[in-house]
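Here's the structure, in structure tokens; my notes come after.
The values are calculated or read from the model by the stated rules, or taken from the named source; none is laboratory data. What you see is a predicted model, and the numbers here were worked out from it, not measured in a lab. Cβ placement follows ideal geometry from the backbone for every residue including glycine, while neighbour counts extend to all protein chains displayed. Quick note on the areas: whole protein, heavy atoms, side chains included, nothing else; ligands and nucleic acids left out. Shrake-Rupley method; radii C 1.70, N 1.55, O 1.52, S 1.80 Å.
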Amino acid sequence: MTTRAVVKGVGHYLPERVVPNAEFEKSLDTSDEWIRTRSGIERRHFAAEDETTSDLASFAAMAALKDAGLSADDIDAIVVATSTPDLTFPSVATMVQQKIGMTRGFGFDVQAVCAGFVYALTNANALILSGQAKRVLVIGAETFSRIMDWTDRATCVLFGDGAGALILEAQEGTGVNADRGVLSADLNSDGRYKDMLFVDGGVSTTGDSGKLRMQGNALFRQAVEKLTSTAHTALTKVGLTDEAVDWIVPHQANIRIIQGTAKKLGVPMDRVIVTVQDHGNTSAASIPLALSTGVAEGKIKQGDLLVTEAIGGGLAWGAVVIRW
Ligand code: ACO
């Protein structure tokens, strides 16, 4: 028998305020048409002034707990992927612990920008396989609206706020790819690409949280190639090919990146979960938001083979293969 980290429940939360592309036309030299055709984004949600990343994360966590039929104290660990924490410390994970009323276990944050959820999922899987935890709440939560330069039309129209969560539970499998649960993962980073995507502030430099800076065009060129390669590697690790894939659940940065990667993987677009039009780029929250939306829409079903893939600042990128 082999221990597997199996998905028990999933949920998400989006802030109430929806901002359509047209709203940016009032303050920037941009258009709904440009944003739609270059990125696929039509609208995004922005958190209210008094709404923090840990609030969004807690609402998503409670939705996932409800879906799993579990209570907070059934969870052993919380792993939150975020680059926009409420405070420099403590972690968002411990704030979520308090907000959902979990009085045991442990929590910590993972920071790998848009690849954060893939990193968090891989860490959560390792906690389960090593016997450190039986049930792990894995959350991606962001308030990227707080690190936007509202005068930079090349970045501020692309990002949004939100949170998604899933619960992984230790279950016995047989060690074959038909088992439910996380089947494989592939993680990568390369610090030489730092200037392609970064935030120009921080605790040990400027003392403030800074604003996002991106060389969108250069990053675009890296994205399709690296995402295809990491998805291939994760599948190959367990002897699977692209044909076995029921759903690609990609990081939602740009529809053209999503289409380019699916094409290179040989997976038709009707087997790709796409939410970028409604959420924009929510960084580490985008994959769990897409997973939760895909389940809610009746697309992702138990037993389906999923590949999640993401790339972001670092650069950091990776993929996880899951039998849902
Ligand atoms: N409205 C109108 N024009 C604009 C806007 C805008 N909002 N933004 C940029 N432009 C202009 C540029 O100034 C440029 O004009 P110029 O030719 O006169 O200089 C022109 O549009 C073309 O700009 P490009 O940057 O070449 O446009 P491109 O087609 O590459 O699309 C985009 C830009 C959407 C940013 C794309 O490059 C992209 O999605 N890149 C990847 C982003 C990504 O993958 N991020 C993932 C990680 S995110 C994370 O980790 C946090």
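Just a few scattered comments:
- Largest GNM mean-square fluctuation among L28, L235, L127, using the chain with Cα springs under 10 Å: L28.
- Antiparallel content of DSSP bridges confined to the chain, in %, to 5: 75
- Over the chain, relative contact order from alpha-carbon pairs under 8 Å, at least 6 apart, %: 25
- Of the DSSP H helices in the chain, those whose Cα atoms cover at least 30 Å axially and whose Kyte score averages -1.0 or more: 216-237
- The chymotrypsin sites (Phe, Trp or Tyr not before Pro) of region 101-193 meeting both criteria, a DSSP state outside H, G, I, E and B (loop) and at most 14 other C-beta atoms within 10 angstrom of the site's C-beta, are W150.
- Taking the protein heavy atoms of region 37-136 in the context of the full set of protein chains, the accessible area attributed to carbon and sulfur is 52 percent at 1.4 Å.
- In the chain, the DSSP-assigned H stretches of four residues or longer account for a calculated mean residue ellipticity at 222 nm of -9000 deg cm²/dmol, using -39500 (n - 2.57) per stretch and the full residue count as denominator.
- Cα centroid of region 151-173 to Cα centroid of region 100-114, whole Å: 15
- The value of relative contact order for region 2-173, using C-alpha pairs under 8 Å at least six residues apart, is 35 percent.
- Solvent-accessible area per residue in region 181-323 equals 40 Å², computed with a 1.4 angstrom probe and all protein chains kept.
- Loop sites by DSSP among the GluC sites (Glu not before Pro) of the chain, restricted to those with at most 14 other Cβ atoms within 10 angstrom, leave 50-296 as the longest stretch without any of them.
- Residues whose amide H falls under 5 Å from that of V199, counting only those 5 or more places apart or on a different chain, are R213, with hydrogens built in the peptide plane.
- Remark: the Cα gyration tensor places the chain in the oblate category, a/c being 1.5 or greater and a/b not exceeding b/c.
- Pair F89, R36: separation of 7 Å Cα→Cβ label points (nm): 4.8
- Its alpha carbons considered, region 181-323 gives a radius of gyration followed by a Dmax of 15.6, 49 Å.
- Accessible surface computed residue by residue for region 90-138, with neighbouring protein chains in place and a 1.4 Å probe, gives 40 Å² per residue.
- Largest-first ordering by accessible area, 1.4 Å probe, given options R180, R146: R146, R180
- Reciprocal of mean inverse Cα separation for region 1-156 (Kirkwood radius, Å): 17.0
- Length gained when the stretch R146-R221 is fully extended (0.36 nm per residue, less Cα-Cα span): 24.3 nm
- Extension reserve of the A48-D73 stretch, reckoned as 0.36 nm per residue once the Cα distance is removed: 6.1 nm
- Summary value for region 181-323: 37 percent relative contact order, contacts being C-alpha pairs under 8 angstrom separated by 6+ residues.
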